[in-house]
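Enquirer: Have a look at the structure that comes next, please.
Computed from the coordinates by the stated procedures, all read-outs in this text should not be read as laboratory data. From a predicted model like this one, the values you see are computed outputs, not experimental measurements. A quick note on method: Cβ atoms are made from the backbone with ideal geometry, for glycine too, and the neighbour counts reach across all protein chains shown.
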Ligand code: PRF
Ligand code: ZN
């Protein structure tokens, strides 16, 4: 047609696989707020911002490429309009790297504030003031569009992975229908990505069907949901493997809600690229920290005169400057060290996977993985 220009839309996500080790991929994902080195652990700042850590800490001390926030919490406080009038969540929390937002449904169900769920969406009562709200696929997209996250998650129907029977299939099929409503409602396709979430419990056929149905929607990335909820490790790992078998090879895959070091390693080796969990920061508040030789509880008497770092060889600010003995002392007395423990735990997971990525690039991933497991499960810690 004369005068009509072909619009070459900028795709808001590029995913370049740089090298592989068997199923494991070292890649660079480019988002509107910069590059993300994968496999990647994404720390969770539920309400925007990390508990005990500033945005500057996250970029300068931890070199984190992407953080996660929850639509549900941000919607209740400060609310979508305050965020929109601030120009989005990046400006609101002074974070100029990437943000991923979860859609809200999972938090409603897992916080037990669910009132009812039907084909139209999920209804819930605010845990702050008891007001009633309804979250639909359209509302979730509207709020995430206002938040301005780089990756938005589709609203999904999540059942615990230990669920059996027809409810598992219903939730999977509803998640596909809700995904289509999300796709139709998403306004900023030029600058925000929408990921679909694979459901289907620990049933291989349902997972395979969900992967095929959602892959046909040609999204920029996919998540594997509905796991890490009390199922056996064998079921968990097999399900991740089935999904990475049937999802497109050239797009990022995100396993939701995974935060144990060993799970991040196994899932990366199975071909997943992104992970998130509140575990690293939540567990730090109870004085549990990751070390090269497994997790330790800092309050144990044996660390009272231990003048070593939290984890041998750790390059984080905490380990460079403080001893286990000092950290235990402040943990017992005024808890003023909590941000130092959180910083270490988040740094540990981010750099565990960044180390794996570098090892894939250097052809030493097998050795890296073997050493990780040998050390992490060593008997004499
Ligand atoms: N769906 C969504 N968020 C999630 C999950 C899910 O299945 C999980 C699974 N454990 C964590 N976070 N939307
Ligand atoms: Zn450290």
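Enquirer: Output the residues belonging to the range 36-69 that are more than 19 Å from residue 340 (Cβ to Cβ) and surrounded by fewer than 22 Cβ atoms within 10 Å (Cβ to Cβ).
Expert: Hits for the range 36-69 are 37, 46, 47.
Enquirer: Given the options 75, 92, name the one that is surrounded by 14 or more Cβ atoms within 10 Å (Cβ to Cβ), within 27 Å of residue 341 (Cβ to Cβ) and more than 16 Å from ligand 2 (Cβ to nearest atom). Step through it out loud before you land on a result.
Expert: Values: 75 fails: within 27 Å of residue 341 (Cβ to Cβ).
Of the residues listed, the single one that is surrounded by 14 or more Cβ atoms within 10 Å (Cβ to Cβ), within 27 Å of residue 341 (Cβ to Cβ) and more than 16 Å from ligand 2 (Cβ to nearest atom) is 92.
Enquirer: Among the residues of the range 27-57, write down those that are touching a strand residue (DSSP E or B) at 6+ places or on another chain (Cβ under 6 Å) and free of Cβ contacts under 8 Å to residues at least 40 places away in the same chain.
Expert: Hits for the range 27-57 are 28, 30, 35.
Enquirer: Kindly list the number of the only condition in (1) touching a residue at least 60 places away in the same chain (Cβ under 8 Å); (2) over 26 Å from residue 30 (Cα atoms); (3) surrounded by 19 or more Cβ atoms within 10 Å (Cβ to Cβ) that fails for residue 178.
Expert: Among (1) touching a residue at least 60 places away in the same chain (Cβ under 8 Å); (2) over 26 Å from residue 30 (Cα atoms); (3) surrounded by 19 or more Cβ atoms within 10 Å (Cβ to Cβ), the lone unmet condition for residue 178 is (1).
Enquirer: Could I ask something else about it? Across the range 326-337, what is the total count of residues that are more than 14 Å from ligand 2 (Cβ to nearest atom), outside any loop (DSSP other than H, G, I, E, B) and either touching a helix residue (DSSP H, G or I) at 6+ places or on another chain (Cβ under 7 Å) or touching a residue at least 60 places away in the same chain (Cβ under 8 Å) (or both)?
Expert: The initial filter retains those residues of the range 326-337 that are more than 14 Å from ligand 2 (Cβ to nearest atom), namely 328-336.
Among the residues that remain, those that are also outside any loop (DSSP other than H, G, I, E, B) are: 328-333.
Checking the rest, the ones that are also either touching a helix residue (DSSP H, G or I) at 6+ places or on another chain (Cβ under 7 Å) or touching a residue at least 60 places away in the same chain (Cβ under 8 Å) (or both) come to 328.
Summing the residues that are more than 14 Å from ligand 2 (Cβ to nearest atom), outside any loop (DSSP other than H, G, I, E, B) and either touching a helix residue (DSSP H, G or I) at 6+ places or on another chain (Cβ under 7 Å) or touching a residue at least 60 places away in the same chain (Cβ under 8 Å) (or both) in the range 326-337 gives 1.
Enquirer: Residue check: is residue 259 in a loop (DSSP other than H, G, I, E, B) and more than 16 Å from ligand 2 (Cβ to nearest atom)?
Expert: Working: in a loop (DSSP other than H, G, I, E, B): yes; more than 16 Å from ligand 2 (Cβ to nearest atom): yes.
The answer is yes for residue 259.
Enquirer: Among the residues of the range 269-325, which ones are on the phi > 0 side of the Ramachandran plot, assigned to a loop (DSSP other than H, G, I, E, B) and touching a residue at least 24 places away in the same chain (Cβ under 8 Å)?
Expert: Scanning the range 269-325 gives 271, 287.
Enquirer: Sticking with this one: If I ask for residues that are at positive phi and either within 16 Å of ligand 2 (Cβ to nearest atom) or surrounded by 12 or more Cβ atoms within 10 Å (Cβ to Cβ) (or both), which ones from the range 95-125 would you list?
Expert: 104, 121
Enquirer: On to the next question. Output yes when any residue across the range 154-163 is more than 26 Å from residue 77 (Cα to Cα), without any contact (Cβ under 8 Å) to a residue 40 or more places away in the chain and either out of contact with any helix residue (DSSP H, G or I) (no Cβ under 7 Å at 6 or more places or on another chain) or outside any helix (DSSP H, G or I) (or both), and no when none is.
Expert: Yes.
Enquirer: Of all the residues that make up the range 61-120, how many are in a loop (DSSP other than H, G, I, E, B), within 16 Å of ligand 1 (Cβ to nearest atom), in contact with a strand residue (DSSP E or B) (Cβ under 8 Å, 6 or more places away or on another chain) and closer than 22 Å to residue 42 by Cα?
Expert: Of the residues in the range 61-120, the ones in a loop (DSSP other than H, G, I, E, B) are 62-65, 77-79, 86-88, 93-97, 103-104, 111-113, 119-120.
Right, trim to within 16 Å of ligand 1 (Cβ to nearest atom) and you get 103-104, 111-113.
Cutting the leftovers down to in contact with a strand residue (DSSP E or B) (Cβ under 8 Å, 6 or more places away or on another chain) gives us 103-104, 113.
Then drop every residue that is not closer than 22 Å to residue 42 by Cα, which leaves 103-104.
Of the residues in that region, 2 qualify.
Enquirer: Here's something else I'd like to know. Could you tell me whether the range 94-104 includes any residue that is without any contact (Cβ under 8 Å) to a residue 60 or more places away in the chain and over 18 Å from the mean Cα position of the chain (by Cα)?
Expert: Taking every residue of the range 94-104 in turn, at least one turns out to be without any contact (Cβ under 8 Å) to a residue 60 or more places away in the chain and over 18 Å from the mean Cα position of the chain (by Cα).
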